[in-house]
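**Student:** The structure follows.
The values are calculated or read from the model by the stated rules, or taken from the named source; none is laboratory data. This structure is a prediction, so every number in the text was calculated from the model and none was measured. Here the Cβ is made from the backbone with ideal geometry for all residues, glycine too, and neighbour counts use every protein chain on show. Protein only, heavy atoms only, side chains kept; ligands, DNA and RNA dropped before computing areas. Shrake-Rupley method; radii C 1.70, N 1.55, O 1.52, S 1.80 Å.
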Amino acid sequence: MKNLILATTALVMSAGIALADGHGKTIRMGTEGAYPPYNFINDAGEVDGFERELGDELCKRAELTCEWVTNEWDSIIPNLVSGNYDTIIAGMSITAERDEVIDFTDPYTQPDPSSYLAMSADANLTSGVIAAQASTIQASHVASLEGVTLVEFATPEETVAAVKNGEADAVLADKSYLGPIAEADDNLVLLSQEELIGGGIGIGLRESDTELKEKFNKAIQSMKADGSLNALIVKHLPDGATF
């Protein structure tokens with residue numbers, strides 16, 4: 001799902017956590033809280049969605065106590081590295097650029113198609129203006145295309161608003177995010193053209209947290225083995241591919 005392309009940054013890597021065995025270790029789960037159905041804030045003011053349900057189950061299986069922390073997308077990796085929380089579980093696609101700065105667990109989703117949302121089916125995708133959320137793999141993909149103009153916004157809501165108010169011809173984002181928006185608004189159209197970007201979504205961790213990575217990998221594999229991960233994907237991500 002989403003997708004940070006990092007500028008070169010020099011951050012102290014000494015903020016790793018020392019894991020305790022067994023129950024009682026509190027892990028701070030960092031997420032954006034603004035990218036349904038992966039993660040969002042519900043009416044009670046709590047983190048909700050696919051990754052909340054998944055994260056709680058992974059923590060249970062790993063015998064960890066989890067607290068949920070929200071952080072804006074554009075600083076979500078630097079704040080992990082500096083120790084403000086212990087994981088990123090925020091629809092973050094695994095990419096080589098990110099893997100140079102942080103580590104990832106095994107993927108808990110397959111690569112999600114990216115789709116274009118526009119006001120009409122004949123939107124100009126070859127020489128028009130395409131919106132994307134800043135620091136995402138979608139923004140990087142649009143920037144690599146010849147002939148089109150990329151406009152970046154801080155939040156996914158702003159990218160859709162740019163299409164509706166005429167600032168952009170289309171927005172490129174995860175299909176699972178744009179699909180429900182198109183269904184709810186008769187003025188918007190989900191285009192047939194799709195882009196397959198990234199290598200699936202995983203939990204981001206500091207490079208030093210190898211024990212925590214191992215715990216989460218075992219939990220992810222157990223959910224894949226018993227079918228419970230696929231059940232969550234079907235429940236929350238109806239367009240997502242199962243394992």
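**Student:** Report Rg(Cα)/(2.2 N^0.38 Å) for region 33-127, keeping two decimals.
**Tutor:** My calculation over the Cα atoms of region 33-127 gives 1.29.
**Student:** Let me ask something additional. For the full complex of protein chains and a 1.4 angstrom probe, list Asp43, Asp122 by accessible area with the highest value first.
**Tutor:** Largest to smallest exposure gives the sequence Asp43, Asp122.
**Student:** On to the next question. Per residue of region 208-213, in order, report the coupling 6.51 cos²θ - 1.76 cosθ + 1.60 (Karplus, θ = phi - 60°) as ³J(HN,Hα) in whole Hz, putting x for Gly and Pro.
**Tutor:** Once rounded to whole Hz, the list reads 7, 8, 5, 5, 5, 4.
**Student:** Ratio of region 110-174's C-alpha Rg to 2.2 N^0.38 Å, to two decimals?
**Tutor:** 0.99
**Student:** For the charge dipole of region 156-243, defined by +1 on Lys and Arg C-beta atoms and -1 on Asp and Glu C-beta atoms about the Cα centroid, which residue among Ala170, Leu196, Val234 has the Cα displaced farthest towards the positive pole?
**Tutor:** Val234
**Student:** Given the chain, what percent of its DSSP beta bridges are antiparallel, to the nearest 5?
**Tutor:** Percentage antiparallel, nearest 5: 55.
**Student:** Mind grabbing the base-10 log of I(q)/I(0) for the chain at q = 0.07, 0.11, 0.13 Å⁻¹? Debye formula, identical points on the C-alpha positions, no solvent, two decimal places.
**Tutor:** -0.23, -0.56, -0.77
**Student:** Please state the Cα pair-distance histogram of region 168-235 with 5 angstrom bins from zero: what percent is in each bin?
**Tutor:** 3, 12, 16, 16, 14, 14, 11, 8, 5, 1
**Student:** Still on this structure, please answer the following. Label points 7 Å out from Cα along the Cβ direction at Glu72 and Glu46: separation in nm?
**Tutor:** 2.7 nm
**Student:** Another question about this same structure. Once you have the Cα-Cα distance between Glu53 and Gln110, take 0.36 nm times their residue separation minus that, and quote the gain in nm to one decimal.
**Tutor:** 18.8 nm
**Student:** Dipole magnitude of the chain about its Cα centre, charges +1 at Lys/Arg Cβ and -1 at Asp/Glu Cβ only, in debye to the nearest 20?
**Tutor:** Roughly 560 debye, rounded to the nearest 20.
**Student:** Taking the Cα atoms only, what angle lies between the long axis of helix 175-184 and the longest principal axis of the chain, rounded to 10 degrees?
**Tutor:** That helix lies at roughly 50 degrees to the long axis.
**Student:** Mind giving me the nanometre distance, one decimal, between the label points for Val234 and Ser120, set 7 Å out from Cα along Cα→Cβ?
**Tutor:** Label-label distance for Val234 and Ser120, simple model: 4.1 nm.
**Student:** Mind giving me the nanometre distance, one decimal, between the label points for Asp226 and Ala143, set 7 Å out from Cα along Cα→Cβ?
**Tutor:** Inter-label distance under the simple model: 4.2 nm.
**Student:** Based on alpha-carbon centroids, what's the gap between region 168-205 and region 207-225 in Å, whole number please?
**Tutor:** Centre-to-centre (Cα) distance: 28 Å.
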